[in-house]
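Report on the structure given below.
Please treat every number below as a calculation from the coordinates, not as lab data. Here the structure is a predicted model, which means the values were calculated and not measured. Glycine gets a Cβ as well: all are built from the backbone with ideal geometry, and neighbour counts include every protein chain shown.
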Amino acid sequence: MARIQERAQHKRTAAQRHESVARVKSVRRCWVHESDSINTHLQRTMARNSTVSPYVGRLGRSQLYSKKGGYKHTGRKPAAPVQEEPVTTKEKVVGGAKNAGKRVLPVNKAPRFYPADDVRAKKVSRKTPKPTKLRDSITPGTVLILLAGRFRGKRVVFLKQLESGLLLVTGPFKLNGVPIRRVNQAYVIATSTKLDISNVQIDDKLNDAYFRREKAAKVKAEASFFADPANKAPLAESKVADQKALDKDVLASIQNADPVMAKYLSTTFSLSKGDRPHALRF
């Protein structure tokens, strides 16, 4: 009985062995067939490149690009799609025996009047405004020297940069008479002196629109010639209040910084005979 069971077990093991061998052979055949098809496909698509292994060519993409002369076709553009010609005329049925039954009319009626001279069409600007980059030497609280304008030579305190790229500065007005104003960073010298203005509250309304001038009423040339320059419109009380509120915080920062800082800001910068601006350290 035991021998019969051993023979049956041996037969089952042999059958399983034959089945596994057959399976391995079929997988090998599929792999060989697949690799042959891959090589055939690569040979068709990459005629100048032989294969080292499936999906791996002997030459790289840049080498194959140079060998096939792909640089000759880089500048070519696809053909533009054919656009249908716009309809410019239309037919209109006209009654009457002597009117030929229909007429061909333009779709868009031509204007009755033309300008005497050719008017050039305005070109569309493709320039986009970019924010002005602030110089690295200019940071909030830096003392600047104005080089042009009504207050040239004055030392002012830089507060912030506006959206237009201009710098918002103040004297303060009590020290050197410079009010809150905008200046271009191209006309200032940034010094190494800096103030701590972290406690200064800068109102959001101090922007480019705040400094926009109001349009004055048109006055005849004769009346403006004989007008008294002393009768100028006074400064708005709101702007005077804004100046005092801002300078109050700035003056407090100046007093906390250095006892001679107020005198430094009140003095005017100038060059004497023999001074070399390029050799000065500000």
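Taken one residue at a time, the phi angles of the range 242-259 give Karplus couplings (6.51, -1.76, 1.60, θ = phi - 60°) of 5, 5, 5, 5, 6, 5, 4, 6, 5, 5, 5, 5, 5, 5, 6, 6, 7, x Hz. Gly and Pro are set to x. Run through the range 146-194 and list the trypsin sites (Lys or Arg not before Pro) located in a DSSP loop whose Cβ has at most 15 other Cβ atoms within 10 Å. Of the trypsin sites (Lys or Arg not before Pro), the ones in loops of the range 146-194 whose Cβ has at most 15 other Cβ atoms within 10 Å are 150, 152. Bridging of residue 130 to lysines at a Cα separation below 21 Å is possible for 160, once same-chain residues fewer than 8 apart are set aside.
So between residue 271 and residue 125, what do we pick up on full extension, going 0.36 nm a residue minus the alpha carbon distance?
On the way: separation 146, 0.36 × 146 = 52.56 nm, distance 4.41 nm.
Contour length minus Cα-Cα distance gives 48.2 nm.
Taking the number of Cβ atoms within 10 Å of each Cβ as an exposure proxy, the fewest-first ranking of 143, 240, 119 is 119, 240, 143.
Computed from backbone phi, the HN-Hα couplings of the range 263-276 come to 5, 4, 6, 7, 7, 9, 7, 7, 10, 9, 5, x, 6, 10 Hz, rounded to whole numbers (Karplus: 6.51 cos²θ - 1.76 cosθ + 1.60, θ = phi - 60°; Gly and Pro given as x).
Rounded, prolate or oblate, given the Cα gyration tensor of the range 133-204, with a/c below 1.5 counting as rounded? Cα axes put the range 133-204 in the rounded bin.
In this structure the amide hydrogen of residue 59, modeled in the peptide plane, comes within under 5 Å of the amide hydrogens of 50, none closer than 5 places in sequence on its chain. With each label modelled as a point 7 angstrom along the Cα→C-beta vector, the residue 263-residue 73 pair spans 8.2 nm. Here the 3J(HN,Hα) profile of the range 151-167, calculated from phi with Karplus coefficients 6.51, -1.76 and 1.60 at θ = phi - 60°, is 10, 5, x, 7, 9, 10, 9, 7, 9, 6, 9, 8, 5, 6, x, 6, 9 Hz, Gly and Pro shown as x. Amide H to amide H distances under 5 Å link residue 160 with 168, where only residues 5 or more positions off or on other chains count and H is placed in the peptide plane. Less than 5 angstrom separates the built amide H of residue 153 from those of 146, 147, 148, all sequence-distant by 5 or more or on a different chain.
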